[in-house]
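Accompanying notes for the structure given below.
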Amino acid sequence: MFNKKLNADYIKRSLLPFDFYRHELPGATLKKHSWNDGGLCCFHADNKPGSFRVNLTTGAFKCFSCGIAGGDVIAFTMAVYGLEFVEALAKLADDWGLI
Ligand SMILES: [Zn+2]
């Protein structure tokens, strides 16, 4: 259910990109800040690590191989799960207990 208190700012304040990507990319070696090697890209048939990057400060992601990119964990959730914006907010809130 979409909650009125549930908005993008709240989600982004409450969910650290580090925690999010550590969960979504269990194979990646993630440090704490800025751009990190995200391991194999989850958006194309990747077999050569090194082109998929995630930013643990902002939540942005980018693949230099297939070209997919986004600015935060909400954009990542929309892209990887094929969700609309509001659906992605609801999924993040539900998965991370943010309601
Ligand atoms: Zn890719």
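Taken as a whole, the condition of being among the β-branched types (Val, Ile, Thr), surrounded by fewer than 17 Cβ atoms within 10 Å (Cβ to Cβ), at pLDDT 95 or above and within 28 Å of residue 6 (Cα to Cα) applies to residue 80. Scanning region 44-77 for residues that are surrounded by 16 or more Cβ atoms within 10 Å (Cβ to Cβ), in contact with a Leu (Cβ under 9 Å, 6 or more places away or on another chain) and of a type outside the set (S, T, N, Q) turns up 46, 52, 54, 56, 59, 73, 74.
Checking region 32-52 against the condition returns no match, with no residue being assigned to a loop (DSSP other than H, G, I, E, B), among the polar types (S, T, N, Q), modelled with pLDDT of 95 or more and under 13 Å from the mean Cα position of the chain (by Cα).
The residues on offer are 40, 98, 83, and the sole one that is hydrophobic (A, V, I, L, M, F, W, C) and closer than 18 Å to residue 10 by Cα is 98.
For region 57-80, the tally of residues that are assigned to a loop (DSSP other than H, G, I, E, B), away from the ligand (no atom under 11 Å from the Cβ) and without any contact (Cβ under 8 Å) to a residue 40 or more places away in the chain stands at 2. Of the residues making up region 83-99, those that are surrounded by fewer than 19 Cβ atoms within 10 Å (Cβ to Cβ) and under 25 Å from residue 45 (Cβ atoms) number 2.
For region 26-47, does any single residue satisfy the condition of being over 22 Å from residue 6 (Cβ atoms), hydroxyl-bearing (Ser, Thr, Tyr), in contact (Cβ under 8 Å) with a residue 40 or more places away in the chain and more than 11 Å from the ligand (Cβ to nearest atom)?
Step one: list which residues in region 26-47 are over 22 Å from residue 6 (Cβ atoms), which gives 26-47.
Next, only the ones that are hydroxyl-bearing (Ser, Thr, Tyr) stay: 29, 34.
Those left that are additionally in contact (Cβ under 8 Å) with a residue 40 or more places away in the chain: none.
Checked against the condition, which is being over 22 Å from residue 6 (Cβ atoms), hydroxyl-bearing (Ser, Thr, Tyr), in contact (Cβ under 8 Å) with a residue 40 or more places away in the chain and more than 11 Å from the ligand (Cβ to nearest atom), region 26-47 yields no hits at all.
Scanning region 86-99 for residues that are in a helix (DSSP H, G or I) and touching a residue at least 24 places away in the same chain (Cβ under 8 Å), which turns out farthest from residue 20 (Cα to Cα)? Per the criteria, the residue is 86.
The values are calculated or read from the model by the stated rules, or taken from the named source; none is laboratory data. Computed from a prediction, not measured in an experiment: that's the story for all the values here. Here the Cβ is made from the backbone with ideal geometry for all residues, glycine too, and neighbour counts use every protein chain on show.
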